[in-house]
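Step one of this worksheet: look at the structure below.
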Amino acid sequence: MQSLRWRRPWLVCCAALLCAAALADARAKDERRFEVRNAYVELQDDAWLLEVRLDLALGKAAQQAFDEGVPLVLMLEAEATVERRFIPDEAVVSLTRRWQIAHDAISERYVVTDLANDEQVSHASQEEALEALSRISAIAVAGTDRLPPDARFDMRVRATVEIGELPAAIKMLLFWKSWSRSTDWYAWSVRP
């Protein structure tokens, strides 16, 4: 009788732990990744061009805000540093580019705007717009005057998704909500 009393609470605890582990595993599978999958620079016509591929997944709060009409901004940060002996590395390039994705209710299209030059591209679905935004190509990082082709340097990039431009009154109402989500830095070395 004593051993039966001891086993019941232990079995209940084990069952609860297994259920919690299964629930955590299901949440982890449901949570889509947001990370820099691949990035590299390529020398073309005396300029270093950046190519980035992202796994661009919106968090639940950002997805809900976007579904309710709030524009989102993808910010890409890139940095290049040159190795120096015996002293800290020198930051040669620091670049930030931004794109906004918004739903145009009149045309029922998803519009991606490059905020550097106001160039807009329209997409039929949200998935198509996010897929296009996850492939960032031919971003000029620096010329050969700043990053010579025969020099060694280190690059790193990261991406952040945050809410876009809203009227000040709406921002005041929503200030406590956090929709920002950032990737880890993706770093690599460029060697001649």
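The values are calculated or read from the model by the stated rules, or taken from the named source; none is laboratory data. Model, not experiment: these values are computed from the prediction. Don't worry about glycine lacking a Cβ; one is built from the backbone with ideal geometry, like all the others, and counts go over all protein chains shown. Accessible surface is based on the protein model in full, side chains and every heavy atom, while ligands, DNA and RNA are left aside. Shrake-Rupley method; radii C 1.70, N 1.55, O 1.52, S 1.80 Å.
For a protection proxy built on the mean count of beta-carbon atoms within 10 angstrom, sort 39-46, 113-120 highest first, please.
The peptides rank, most packed first, as 39-46, 113-120.
Can you work out the Karplus-derived ³J(HN,Hα) for every residue in segment 50-56? Use 6.51 cos²θ - 1.76 cosθ + 1.60 with θ = phi - 60°, whole Hz, and x for glycine or proline.
Ordered by residue, 3J(HN,Hα) equals 9, 10, 9, 10, 10, 8, 9 Hz.
How many percent of the accessible area of segment 99-142 is carbon or sulfur, using a 1.4 Å probe?
The C+S portion of the solvent-accessible surface of segment 99-142 is 48 percent.
Give, in nm to one decimal, the length gained when the segment between ASP46 and ARG152 is fully stretched (0.36 nm per residue of separation minus the Cα-Cα distance).
Between ASP46 and ARG152, full extension yields an extra 36.6 nm.
Please list the non-local residues whose amide H lies under 5 Å from the amide H of ILE139, H modeled 1.01 Å from N, same-chain partners needing a gap of 5 or more.
Long-range HN contacts for ILE139: LEU50.
Taking H placed 1.01 Å from N in the peptide plane, check which residues at least 5 places from LEU115 or on another chain put their amide H under 5 Å from its amide H.
Amide H to amide H, under 5 Å and 5 or more residues apart or across chains, LEU115 pairs with ARG98, TRP99, GLN100.
Could I have the simple spin-label model distance between SER189 and ALA57, label points 7 Å from Cα toward Cβ, reported in nm to one decimal?
My value for the distance between the label points is 3.2 nm.
For GLY164, enumerate residues with amide H under 5 Å from its amide H, sequence gap 5+ or separate chain, H modeled in the peptide plane.
Placed amide hydrogens put LEU72, VAL73 under 5 Å from GLY164.
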